[in-house]
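Okay, structure first, notes after.
The values are calculated or read from the model by the stated rules, or taken from the named source; none is laboratory data. Fair warning: this is a prediction, and the values are worked out from it, not measured in the lab. A quick note on method: Cβ atoms are made from the backbone with ideal geometry, for glycine too, and the neighbour counts reach across all protein chains shown.
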Amino acid sequence: MTAIRTSVHRRTLVSAVALGVVLTVAGGSAAFAAGSGGTGAVRVGAGRVGASASDPATAELHLPRPTGLFGVGRDTLHLVDKSRRDPWVPSAGARELMVSVYYPGRHGGGSPTSYTSEEEARLLLEWWKVDARISAAAYSSTRTFARAGAKPAPGRFPLIVLSPGFTAPRTTLTHLAEDLASRGFVVATVDHAYESVGTAFPGGRMLTCRACAPVEEPGGGEIATEGRAKDLSYVIDRLTGRKASWRLARMIDPGRIGAGGHSIGGSAALATMAADPRVRAGMNMDGHFHVRPDSIGGRPFLMLGTEVQHTPGVEDGKNWDEAWQGLDGWKRWLTVRGSGHFTFTDVPVLAGQAGVDDPEVPLSGERSERITRAYVGAFFEQQLRGVPQPLLDGPTPGNPEVAFRRR
């Protein structure tokens with residue numbers, strides 16, 4: 001693999017900031033961090049509070065209900081790759097990961113799962129400088145639908161590994177993970193050590209973003225992307241095969257594995273696919289590519305991004321075009337009109353509930369969620385299950401925001 005660009009998008013470093021700010025419903029304005037090319041300054045757009053101005057300290061937030069037939073179970077794993085040192089903090093020893101595994105389950109039983117811990121929420125809110133406007137207790141209490149200890153559904157299912165944007169915790173991909181699990185996929189969302197603003201690890205340790213400064217150095221984007229590719233392959237190792245450490249590993253069909261992610265996590269999905277032949281399909285949600293596939297052997301790849309950033313002719317459009325040329329199998333390049341960098345995550349869903357209206361991102365949280373679930377779900381249904389999905393053939397009247405830039 002060869003490098004496409006050497007810079008990490010500033011937006012990958014401010015994704016957590018944007019999420020926190022849009023949850024603020026007190027005061028007269030809100031800000032969204034929007035991506036700019038390369039490592040340029042963050043572009044901040046003024047927003048305005050909507051009509052539902054509830055108390056931000058006690059606002060009740062919830063994720064959308066999953067659309068599939070299955071219930072959703074969730075396990076949390078701490079994985080340690082003793083074969084390599086952490087790339088950002090070598091003195092810390094072996095590379096560590098925290099993983100949430102969502103799986104198709106039986107309805108009923110199990111216990112509710114938290115969105116995040118209160119301490120992780122506190123660190124995030126302080127990082128965003130909005131801790132005076134929304135409490136850590138309120139944020140961490142966002143309602144989820146997965147159940148801990150839920151009985152697994154019978155059968156074997158495809159596996160999808162998902163990586164979040166830089167500084168963003170794995171929780172920002174929760175609504176997508178829950179929905180995919182309800183549709184019959186096992187989904188692993190990954191927190192990469194020292195790459196989020198705060199992730200709890202066993203032993204009372206809270207690892208913060210020690211990688212935030214070095215990732216901005218020349219070559220930092222490649223280090224992060226290739227490191228995450230190794231992380232995702234290691235997660236696959238531990239969820240499948242003889243070394244599997246997950247209690248329900250028998251649920252996974254190791255012949256049907258996909259990878260995806262948001263922002264730099266999407267770049268990592270492509271890098272994983274290029275290095276790991278077990279990954280049969282990959283997708284990138286609005287991420288700047290830092291490596292390119294010399295060849296991925298005709299395996300399918302989905303590029304789903306913003307219209308502003310990922311249209312041929314603009315800076316990231318050029319970056320995506322370079323990656324597109326290296327893909328030699330089934331592929332789609334889709335852009336979503338009115339979307340922002342965080343459209344494909346939990347961010348707009350929670351922002352909409354908070355009553356925040358960002359004039360620079362007119363797409364609603366409800367439409368953001370439905371489009372993301374529909375196209376990502378269709379992609380993995382077609383590529384990992386072999387079920388044809390007409391939604392991926394071209395524009396549809398029901399989704400006028402989605403343009404097919406390349407087919």
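Can you tell me which residues in the stretch 136-147 are closer than 18 Å to Thr199 by Cα and in a loop (DSSP other than H, G, I, E, B)?
Answer for the stretch 136-147, where residues must be closer than 18 Å to Thr199 by Cα and in a loop (DSSP other than H, G, I, E, B): Ser141, Thr142.
Taking the criterion of being surrounded by 24 or more Cβ atoms within 10 Å (Cβ to Cβ) and modelled with pLDDT of 90 or more, would at least one residue in the stretch 345-362 satisfy it?
Checked against the condition, which is being surrounded by 24 or more Cβ atoms within 10 Å (Cβ to Cβ) and modelled with pLDDT of 90 or more, the stretch 345-362 yields at least one hit.
How about the stretch 244-273: which of its residues are in a helix (DSSP H, G or I) and under 20 Å from the mean Cα position of the chain (by Cα)?
Ile264, Gly265, Gly266, Ser267, Ala268, Ala269, Leu270, Ala271, Thr272, Met273 - these are the residues of the stretch 244-273 that are in a helix (DSSP H, G or I) and under 20 Å from the mean Cα position of the chain (by Cα).
Output the residue which, of all residues in the stretch 297-308 that are under 15 Å from Ala274 (Cα atoms) and buried (at least 24 other Cβ atoms within 10 Å of the Cβ), is nearest to the chain's Cα centre (by Cα).
Leu302
Any idea how many residues of the stretch 309-330 are part of a loop (DSSP other than H, G, I, E, B) and buried (at least 20 other Cβ atoms within 10 Å of the Cβ)?
Number satisfying all stated conditions: 3.
Condition check ((1) in contact (Cβ under 8 Å) with a residue 40 or more places away in the chain; (2) out of contact with any helix residue (DSSP H, G or I) (no Cβ under 6 Å at 6 or more places or on another chain)) across all residues:
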| position | (1), (2) |
| --- | --- |
| Ala146 | yes, no |
| Gly155 | yes, yes |
| Leu162 | yes, no |
| Pro169 | yes, yes |
| Ala177 | yes, yes |
| Phe185 | yes, yes |
| Tyr194 | yes, yes |
| Arg205 | no, yes |
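Among the residues of the stretch 238-273, which ones are within 28 Å of Gln309 (Cβ to Cβ) and out of contact with any helix residue (DSSP H, G or I) (no Cβ under 8 Å at 6 or more places or on another chain)?
Gly266, Met273, listed by residue number.
Across the stretch 214-243, what is the total count of residues that are at pLDDT below 95 and farther than 20 Å from Pro87 by Cα?
Residues meeting the conditions: 3.
Looking only at residues in the stretch 140-154 that are under 16 Å from Thr174 (Cβ atoms) and of a type in the set (A, V, I, L, M), which one is surrounded by the fewest Cβ atoms within 10 Å (Cβ to Cβ)?
My answer is Ala148.
Restricting to the stretch 69-120, count the residues that are touching a Lys or Arg at 6+ places or on another chain (Cβ under 8 Å), in a strand (DSSP E or B), small (Gly, Ala, Ser) and surrounded by fewer than 21 Cβ atoms within 10 Å (Cβ to Cβ).
Selection size over the stretch 69-120: 2.
Can you name the residue in the stretch 104-127 that is polar (S, T, N, Q) and within 22 Å of the chain's Cα centre (by Cα) and, of all such residues, is nearest to Asp346 (Cα to Cα)?
Out of the qualifying residues, it is Thr116.
Okay, residues lined up against (1) closer than 23 Å to Arg170 by Cβ; (2) touching a strand residue (DSSP E or B) at 6+ places or on another chain (Cβ under 8 Å):
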{"position": "Gly313", "(1), (2)": "no, no"}
{"position": "Asp316", "(1), (2)": "no, yes"}
{"position": "Asp321", "(1), (2)": "no, no"}
{"position": "Phe342", "(1), (2)": "yes, yes"}
{"position": "Asp346", "(1), (2)": "yes, no"}
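In this structure, does Ala150 turn out to be part of a helix (DSSP H, G or I), over 19 Å from Ala271 (Cβ atoms) and not polar (S, T, N, Q)?
no
Which of the following residues is closer than 20 Å to Gly204 by Cβ, in contact (Cβ under 8 Å) with a residue 24 or more places away in the chain and over 21 Å from the mean Cα position of the chain (by Cα): Val99, Val89?
When all the criteria are applied, what remains is Val89.
Residue by residue, here is whether (1) under 21 Å from the mean Cα position of the chain (by Cα); (2) touching a residue at least 24 places away in the same chain (Cβ under 8 Å) holds:
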{"position": "Glu315", "(1), (2)": "no, yes"}
{"position": "Asn319", "(1), (2)": "yes, yes"}
{"position": "Thr335", "(1), (2)": "yes, yes"}
{"position": "Gly340", "(1), (2)": "yes, yes"}
{"position": "Val349", "(1), (2)": "yes, yes"}
{"position": "Glu360", "(1), (2)": "no, yes"}
{"position": "Ser364", "(1), (2)": "yes, no"}
{"position": "Thr372", "(1), (2)": "yes, yes"}
{"position": "Gly377", "(1), (2)": "yes, yes"}
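Listed here are the residues, each with its yes/no results for (1) closer than 29 Å to Ser135 by Cβ; (2) at pLDDT below 95.
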position: Ser54; (1), (2): yes, yes
position: Thr58; (1), (2): yes, yes
position: His62; (1), (2): yes, yes
position: Gly68; (1), (2): no, no
position: His78; (1), (2): yes, no
position: Lys82; (1), (2): no, no
position: Gly93; (1), (2): no, no
position: Thr116; (1), (2): yes, yes
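Give the number of residues within the stretch 163-180 that are of a type outside the set (Ser, Thr, Tyr) and within 19 Å of Pro214 (Cα to Cα).
Count: 5.
Kindly indicate whether Phe342 is buried (at least 16 other Cβ atoms within 10 Å of the Cβ), modelled with pLDDT of 90 or more and either among the hydrophobic types (A, V, I, L, M, F, W, C) or within 25 Å of Gly255 (Cβ to Cβ) (or both).
Criteria not met by Phe342.
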